[in-house]
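Enquirer: Provided herewith is a single structure, encoded as structure tokens, for subsequent inquiry.
No lab work stands behind these numbers, since they all come straight from the coordinates. Small disclaimer: the values here were computed from a predicted structure and weren't measured. Neighbour counts run over all protein chains shown; Cβ positions are idealised from the backbone, glycine included.
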Amino acid sequence: GAGVSQSPSNKVTEKGKDVELRCDPISGHTALYWYRQSLGQGLEFLIYFQGNSAPDKSGLPSDRFSAERTGGSVSTLTIQRTQQEDSAVYLCASSLSSGAAYEQYFGPGTRLTVT
Amino acid sequence: TQLLEQSPQFLSIQEGENLTVYCNSSSVFSSLQWYRQEPGEGPVLLVTVVTGGEVKKLKRLTFQFGDARKDSSLHITAAQPGDTGLYLCAGSLTGGGNKLTFGTGTQLKVEL
């Protein structure tokens, strides 16, 4: 079956612009996670959804970052007024349900470059 | 502050050699996972360990979870070029919910 897909695969934007990153989880997976991977910080948790609710937003680095999930499926991560330090690969993962026992399947990521 | 420290950071070896990657923390994890990531792709799960002292084998890969559930190791026997990649440990903190805390990563290159 289809895995986790993310779009776009690459995004170059100018400092100060807003960007939207999309994640399509595996069908039937109720939990969805966003992570960020950068050279300096490694792979960091941003936010996770169970259904359409976000019980843990603790990893969002600032109020410029927000995410939503609709219909228990697609999720969008929005970064407003992008800064150069936002440049990173943004990874999405989904799992059958929330909880450490459930394997997280990762998408290929969106590489964001802020110039 | 990085909760999970991996060592070594980089490793370049010849085909057929053995290697061990370490993942250490001062925190206790309810479970710990090992992933391998290749360029342009997301991490792929190799194994999950949940019991202190647990040892799991996956072909030439042996994974161990420390007795105190604070550390783990990955041992590869007779490495092959196909083992090349970024190896990441990741843990679920006890009481930390569902998010994964990732290690700093070990970049492995196996040459012919």
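Enquirer: Could you please tell me the mean projected area of the C-alpha convex hull for region A:5-99, averaged over all directions and given in square nanometres to one decimal? Don't jump to the answer; show the numbers that get you there.
Expert: Details: hull surface 23.2 nm².
Reported value for the Cα convex hull: 5.8 nm².
Enquirer: Starting at the first residue of region B:45-54, write each ³J(HN,Hα) from the Karplus equation 6.51 cos²θ - 1.76 cosθ + 1.60 with θ = phi - 60°, in whole Hz, x for Gly and Pro.
Expert: Working through the residues one at a time gives 5, 9, 7, 10, 10, 10, 10, x, x, 5 Hz.
Enquirer: When the Karplus curve 6.51 cos²θ - 1.76 cosθ + 1.60 is applied with θ = phi - 60°, which whole-Hz ³J(HN,Hα) does each residue of region A:59-70 get, with x for Gly and Pro?
Expert: Those phi angles translate into x, 5, x, 7, 6, 6, 9, 8, 8, 9, 9, 10 Hz.
Enquirer: Another question, if that's okay. What residues from region B:16-44 fall in the zone where the backbone N is under 12 Å from a label point 7 Å along the Cα-to-C-beta line of B:Glu5?
Expert: Residues B:23-27 qualify, since their backbone N sits under 12 Å from the label point.
Enquirer: Next up: Could you pull out every one of the aspartates and glutamates with an alpha carbon less than 14 Å from that of A:Lys15, ignoring same-chain neighbours closer than 8 positions?
Expert: Partners found: A:Glu85, A:Asp86.
Enquirer: Turning to a different aspect of this structure: Can you compute 3J(HN,Hα) from phi for each residue in region A:91-108, using the Karplus curve 6.51 cos²θ - 1.76 cosθ + 1.60 with θ = phi - 60°, rounded to whole Hz and x for Gly and Pro?
Expert: The phi angles translate into 10, 10, 9, 9, 9, 3, 8, 7, x, 5, 6, 9, 5, 9, 9, 9, x, x Hz.
Enquirer: May I pose another question? How far, in nm, would the chain grow between A:Glu85 and A:Ser5 when pulled straight, counting 0.36 nm per residue and subtracting the alpha carbon separation?
Expert: Once the chain is fully extended between A:Glu85 and A:Ser5, it gains 26.4 nm.
Enquirer: In this model, which of A:Lys11/B:Lys99; B:Lys59/B:Lys99; A:Lys57/B:Lys57 are farther than 31 Å apart at the alpha-carbon? Before the final figure, lay out each step's value.
Expert: Values: A:Lys11/B:Lys99 26 Å; B:Lys59/B:Lys99 28 Å; A:Lys57/B:Lys57 35 Å.
Beyond 31 Å: A:Lys57/B:Lys57.
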